[in-house]
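Right, one structure below, let's go through it.
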Amino acid sequence: MMNLIDLYVKKFMNLIEIERKCEMDFHKNEIIRLGKKRENVGRAILNLKGKFLGESLGCTIVRFGRKKSFKTEISPGDVVLISKDNPLESDLYANVIYVGKNFIDVAFDVDVPKWVYKERVRIDLYVNDITFKRMKEALREFAKKRDKLAYIILGIEHPEKPFREDIELEFYDKSLNESQKLAVKRAVLSKDLYLIHGPPGTGKTRTLTEVIVQEVRFNKHKVLATADSNIAADNILEYLVKKYPDLKVVRIGHPTRISKDLIQHSLPYLIENHEKYQEILKLKEKIKEIKEDRDKFLKPSPRWRRGMSDEQILKVAKRRKDYRGVPKEKIASMAEWIIRNKKIKKIISNLDEITEKIVNEILSEADVIVSTNSMAGSEILKGWEFDVVVIDEGSQAMEPSCLIPIVKGRKLIMAGDHKQLPPTVLSENEELKKTLFERLIKKYPEFSSILKIQYRMNEKIMEFPNIMFYDNKLKADESVKNITLMDLVKEDEVDEEDRDIINEIPVQFINVDGLERKDKESPSYYNIEEAEKVLEVVKKLLKYKIPTSVITPYDAQVRYLRKLFEENNLDVEVNTVDGFQGRENEAIVISFVRTKNFGFLKDLRRLNVAITRAKRKLILIGNENLLKTDKVYNEMIKWAKSIENEYKKQKEDKKEIN
């Protein structure tokens with residue numbers, strides 16, 4: 001009979017495989033279905049020509065450009081498939097470093113074929129298969145480990161409760177508020193597990209940084225700190241190195257996926273600047289010389305080998321005779337090639353040994369190692385164990401993704417917000433959408449705490465999500481409580497026709513009857529009338545130089561709006577709600593798109609994320625008739641209208657007094 005661990009592992013092994021296949025099929029089918037039109041949905045770039053830019057941190061950097069500019073969803077850190085004619089017949093992958101208006105820079109870990117530097121190269125967004133392999137490896141490790149943390153995750157054992165309130169911690173970040181200090185103290189003093197619930201703008205990463213420093217200095221622990229995305233991993237790194245320069249922090253990851261400003265803390269950079277690296281350079285030079293010499297001789301290809309092994313060729317060469325119809329000169333030449341190739345292999349082995357020593361030295365001296373969840377499963381950390389694993393963005397990662405770092409530690413601290421968007425799951429599997437963070441916070445509520453002070457938005461913007469999602473536990477800090485657009489604009493400079501938008505009202509709802517339209521090239525929707533209204537609103541905001549972002553749940557609306565803004569020469573960011581999670585801006589305009597059905601507007605976590613991005617002004621644009629039919633959206637409209645009425649009444653009262 002299977003035990004609980006085996007059942008757990010088997011379940012997730014199956015789910016990961018389904019998700020992997022779904023992701024593969026999504027890209028393959030889209031490439032087949034759309035062909036060259038895949039560029040229209042932003043997941044391919046055509047007619048490119050490569051140009052060698054140089055070598056950097058062990059990678060070959062190539063810039064692919066063309067005369068005509070492009071708009072694309074492909075972004076730094078993505079894995080792309082490079083092809084000449086049919087993408088599905090190519091197996092050449094690269095990592096994206098930078099995306100310009102008419103060029104894209106990528107890094108290759110392999111030898112780059114010559115056709116890359118010719119015309120008509122195509123780049124497609126594709127699957128990062130390595131992450132799936134690492135999840136499976138972590139599950140196998142989890143099954144073998146069977147330690148206390150594994151039993152806590154499965155609910156077989158309960159975490160230990162050592163919150164000794166009498167122990168005093170000296171906080172390094174002096175500006176932490178009381179709820180942040182409580183979370184830090186309890187996390188640091190916990191034995192096995194602690195969960196930090198950080199709603200939008202409550203300083204989750206900042207709190208987590210203090211936890212990491214306390215783990216190193218107070219608990220004398222070696223820490224592995226991870227997050228699901230490279231951006232979030234870089235955020236942890238940035239906080240640590242800026243506030244605690246004496247802390248030894250190493251960032252593991254592909255150098256192209258690490259922020260340029262932080263690259264000096266990356267492992268590849270530290271290797272290249274290590275005292276022993278000169279030895280590596282000398283050996284690489286030696287390899288180059290021998291290769292040049294070797295290539296003067298005949299390579300033993302199957303055509304000339306005629307079934308002979310390397311050893312046979314060397315033996316036959318000594319006899320100086322023709323063999324199996326191969327002239328003795330050719331055999332002698334192949335033997336010379338083999339002799340030099342063996343030398344190269346020996347030097348490479350020596351080179352690998354030196355590199356391994358350097359890596360072990362760097363990692364052994366580090367207090368904190370920072371990486372993505374996936375990268376924690378790379379060869380570099382094979383065999384490494386940590387006292388504590390700290391995971392940020394815990395509510396945005398699939399459970400098996402979190403297991404990759406977890407199997408390397410004895411204690412787990414996670415931060416996240418399960419009231420925001422779950423991980424993106426293409427297979428739409430509900431089991432994979434349920435995160436480990438949410439599961440554990442529901443199972444062990446006494447081993448968690450919520451951060452209560454938010455530092456992002458006007459308290460009126462916070463009001464609705466606070467009641468709907470956070471049991472009214474949040475408070476706006478004094479520094480943001482009453483911020484509005486009018487702190488950024490002089491009242492007497494606002495033109496009369498712009499006052500409907502450029503005012504002190506923090507939340508406004510604008511009804512547009514409009515019509516939802518199905519996109520021809522994707523299973524998405526757009527709304528032309530709503531887009532026109534968004535354009536009108538954005539023009540007013542930009543006229544007064546107010547930093548503005550537009551977000552919408554639908555890809556097709558993103559594309560339509562980008563095109564519209566481009567035609568009107570407006571430089572404003574447009575993104576999906578999912579793409580904007582974790583970000584903020586002074587003014588946010590949301591376009592809801594739908595007029596007949598709710599579709600995935602029904603996922604209220606997406607609504608929570610959208611609303612909580614704005615600092616001073618939130619403008620909601622949608623079809624009132626449809627939105628009112630849902631209880632929560634109806635409350636949202638009532639909330640927005642009551643705020644608008646309240647501010648208008650205040651203005652009237654002021655006029656009367658004057």
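Odds and ends about this structure:
- Residue among Ile156, Ile123 that alone is open to solvent by 30 Å² or more (accessible area, probe 1.4 Å), over 23 Å from Ile16 (Cα atoms) and either under 24 Å from the mean Cα position of the chain (by Cα) or at pLDDT 90 or above (or both): Ile156
- Within the stretch 298-311, residues that are in a helix (DSSP H, G or I) reach partners that are open to solvent by 40 Å² or more (accessible area, probe 1.4 Å) with beta carbons closer than 7 Å, at six or more positions or on different chains, in the pairs Trp304/Leu298; Trp304/Lys330.
- Residue that is most open to solvent (accessible area, probe 1.4 Å) [pool: residues in the stretch 506-531 that are of a type in the set (S, T, N, Q) and at pLDDT 95 or above]: Asn511
- Residues located in the stretch 280-324, provided they are loosely packed, with under 12 Cβ neighbours inside 10 Å, among the acidic types (Asp, Glu) and over 45 Å from the mean Cα position of the chain (by Cα): Glu311
- Residue among Lys648, Lys617 that alone is closer than 21 Å to Val489 by Cβ, out of contact with any Ser or Thr (no Cβ under 6 Å at 6 or more places or on another chain) and open to solvent by less than 30 Å² (accessible area, probe 1.4 Å): Lys617
- Listed by first and then second residue, the pairs with beta-carbon distance under 9 Å, at least 6 apart or on different chains, first residue in the stretch 7-27 and touching a residue at least 12 places away in the same chain (Cβ under 8 Å), second outside any helix (DSSP H, G or I) and open to solvent by 60 Å² or more (accessible area, probe 1.4 Å), are Glu19/Leu426; Cys22/Leu426; Cys22/Glu428; Glu23/Leu426; Phe26/Leu426.
- Selection from the stretch 164-173 of residues that are under 20 Å from Leu451 (Cβ atoms), of a type in the set (A, V, I, L, M, F, W, C) and open to solvent by 30 Å² or more (accessible area, probe 1.4 Å): Phe171
- Candidate set: the stretch 590-612, residues that are basic (Lys, Arg) and at pLDDT below 95; chosen: the one surrounded by the most Cβ atoms within 10 Å (Cβ to Cβ): Arg606
- All conditions in (1) closer than 24 Å to Lys518 by Cα; (2) small (Gly, Ala, Ser); (3) surrounded by fewer than 16 Cβ atoms within 10 Å (Cβ to Cβ) hold for Ser642, with the sole exception of (1).
- Helices (runs of 4 or more DSSP H) wholly inside the stretch 128-231 that include at least 2 residues being under 30 Å from Val96 (Cα atoms) and in contact (Cβ under 8 Å) with a residue 12 or more places away in the chain: 129-145, 204-217
- Scan of the stretch 235-253 for residues that are part of a helix (DSSP H, G or I), open to solvent by less than 30 Å² (accessible area, probe 1.4 Å) and either at pLDDT below 90 or of a type in the set (Ser, Thr, Tyr) (or both), ordered by number: none
- Scanning the stretch 58-93 for residues that are among the acidic types (Asp, Glu), under 23 Å from Lys563 (Cα atoms) and open to solvent by 70 Å² or more (accessible area, probe 1.4 Å) yields no hits at all.
- Scoring Glu624 on the criteria (1) closer than 23 Å to Tyr544 by Cα; (2) over 24 Å from the mean Cα position of the chain (by Cα) leaves a single failure, condition (1).
- Residue within the stretch 174-185 that is open to solvent by 70 Å² or more (accessible area, probe 1.4 Å), modelled with pLDDT under 95 and within 23 Å of Asn3 (Cα to Cα) present: no
- Exclusive hit being buried (at least 20 other Cβ atoms within 10 Å of the Cβ) and under 30 Å from Gly54 (Cα atoms), set Val188, Val110, Val116: Val116
- Qualifying residue in the stretch 553-572 (condition: in contact with a Gly (Cβ under 9 Å, 6 or more places away or on another chain), of a type in the set (D, E, K, R) and open to solvent by less than 10 Å² (accessible area, probe 1.4 Å)): no
- Listed by first and then second residue, the pairs linking a residue in the stretch 360-389 that is of a type in the set (Phe, Trp, Tyr) to a residue that is open to solvent by 60 Å² or more (accessible area, probe 1.4 Å) and modelled with pLDDT of 95 or more, with Cβ atoms under 9 Å apart and 6 or more places separating them unless they lie on different chains, are Phe386/Arg410.
- Taking the stretch 573-637 as the region of interest, the strands (runs of 3 or more DSSP E) fully inside it that hold 3 or more residues being under 21 Å from Thr484 (Cα atoms) are 585-591, 614-622.
- For the stretch 430-488, filtering for residues that are out of contact with any strand residue (DSSP E or B) (no Cβ under 9 Å at 6 or more places or on another chain), in contact (Cβ under 8 Å) with a residue 40 or more places away in the chain and open to solvent by 10 Å² or more (accessible area, probe 1.4 Å) leaves 6.
Residues are listed down the side, and each one gets a yes or a no for (1) modelled with pLDDT under 90; (2) over 25 Å from Thr576 (Cα atoms):
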{"residue": "Gly58", "(1), (2)": "yes, yes"}
{"residue": "Arg66", "(1), (2)": "no, yes"}
{"residue": "Lys71", "(1), (2)": "yes, no"}
{"residue": "Gly77", "(1), (2)": "yes, no"}
{"residue": "Ser83", "(1), (2)": "no, yes"}
{"residue": "Leu92", "(1), (2)": "no, yes"}
{"residue": "Ile104", "(1), (2)": "no, no"}
{"residue": "Val110", "(1), (2)": "yes, yes"}
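- Residues of the stretch 254-275 that turn out to be open to solvent by less than 60 Å² (accessible area, probe 1.4 Å), under 20 Å from Glu353 (Cβ atoms) and not in a helix (DSSP H, G or I), as a count: 1
- Residue ID - least open to solvent (accessible area, probe 1.4 Å), chosen from residues in the stretch 489-505 that are among the acidic types (Asp, Glu) and assigned to a loop (DSSP other than H, G, I, E, B): Glu504
- Single residue of the stretch 362-381 satisfying the filter (at pLDDT 95 or above and open to solvent by 50 Å² or more (accessible area, probe 1.4 Å)) that is nearest to Tyr244 (Cα to Cα): Glu365
- Where Glu55 falls short, out of the listed (1) out of contact with any helix residue (DSSP H, G or I) (no Cβ under 6 Å at 6 or more places or on another chain); (2) under 26 Å from Ile231 (Cα atoms); (3) buried (at least 18 other Cβ atoms within 10 Å of the Cβ): (3)
- Where Glu137 falls short, out of the listed (1) among the charged types (D, E, K, R); (2) modelled with pLDDT of 95 or more; (3) within 20 Å of Lys28 (Cα to Cα): (3)
- Entry remark, the stretch 325-356: residues being surrounded by 13 or more Cβ atoms within 10 Å (Cβ to Cβ) and farther than 20 Å from Trp304 by Cβ number 7 in total.
- With respect to being surrounded by fewer than 24 Cβ atoms within 10 Å (Cβ to Cβ), more than 30 Å from Pro268 (Cβ to Cβ) and of a type in the set (Val, Ile, Thr), Val359 falls outside the description.
- When the stretch 15-48 is limited to residues that are in contact with a Ser or Thr (Cβ under 7 Å, 6 or more places away or on another chain) and at negative phi, the one that is most open to solvent (accessible area, probe 1.4 Å) turns out to be Ile18.
The values are calculated or read from the model by the stated rules, or taken from the named source; none is laboratory data. Computed from a predicted model, the values in this text were never measured in an experiment. FYI the Cβ positions are ideal-geometry reconstructions off the backbone, even for glycines, and counts take in every protein chain you see. When the accessible area is computed, the model is the full protein with side chains, heavy atoms only, and any ligands, DNA or RNA have been set aside. Shrake-Rupley method; radii C 1.70, N 1.55, O 1.52, S 1.80 Å.
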